[in-house]
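Report on the following structure.
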């Protein structure tokens, strides 16, 4: 059976990702925050003082990417980076007062966005979708 362009689930996922990213990018732009940087900030608002290594693992990003984004967030005044006293190679990220205040504005935007995205989906729908996405990710990872 030959698939048409619209039959590929990867195309549908990509289109959805583009729509989600485009929307959140527009919402974050007034705050001088890129969507990728927002992922780091969301984790720090949840647990301040994470190491760059922890962020690499949680976000499944490479070390260089996390270091670059961290540097940018530091230049913007949202975080400070500090070497760990017991391991000089390890760098921890801490929110500045400006970064904490930013969370007071961004978290409600993220929560409202999540509500819009999940509108009409039951808890069971979301759990099922998460399982399906996990399966798809595992399938692709097996190819890498």
Residue among 58, 119, 76 with the largest mean-square fluctuation in a Gaussian network model of the chain, springs linking Cα atoms under 10 Å = 119
Among (1) 16.5; (2) 17.4; (3) 14.8, which one is Kirkwood radius over Cα pairs in Å computed from these coordinates?
-> (2)
Mind checking which of 56, 116, 91 has the largest fluctuation in a GNM of the chain, springs on alpha carbons under 10 Å?
-> 116
Any idea what angle helix 63-75 forms with the longest principal axis of the chain, computed on alpha-carbon atoms, 0 to 90 degrees, nearest 10?
-> 60 degrees
Cα gyration tensor shape for region 66-137, rounded if a/c is under 1.5, else prolate or oblate | oblate
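Nearest 500 deg cm²/dmol is fine: what mean residue ellipticity at 222 nm does the chain get from its DSSP H runs of n ≥ 4 alone, each adding -39,500 (n - 2.57), divided by its residue count? Before the final figure, lay out each step's value.
Working: 6 runs with 95 residues, N = 144.
Computed mean residue ellipticity for the chain: -22000 deg cm²/dmol.
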Acute angle (nearest 10 degrees) that the helix 97-117 long axis makes with the longest principal axis of the chain, alpha-carbon atoms | 10 degrees
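Sorted by packing (mean other beta-carbon atoms within 10 Å per residue), highest first, where do 26-33, 15-22 land? Please list the in-between numbers first.
Numbers: 26-33: 14.4, 15-22: 11.1.
Peptide ranking by packing, descending: 26-33, 15-22.
So, by mean Cβ neighbours within 10 angstrom, what's the order for 59-65, 96-102, 37-43, 134-140 with the highest one leading? Don't skip to the answer; put the middle values down first.
On the way: 59-65: 12.1, 96-102: 14.9, 37-43: 19.6, 134-140: 10.3.
Ranking the peptides 59-65, 96-102, 37-43, 134-140 by packing returns 37-43, 96-102, 59-65, 134-140.
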Residue among 68, 81, 89 with the largest mean-square fluctuation in a Gaussian network model of the chain, springs linking Cα atoms under 10 Å | 89
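Values quoted throughout were computed directly from the atomic coordinates according to the rules given, and no laboratory measurement underlies them. If you're wondering where the values come from, they're calculated on a predicted model, not measured in any experiment. Backbone-built Cβ (ideal geometry, glycine too); neighbour counts: all protein chains shown.
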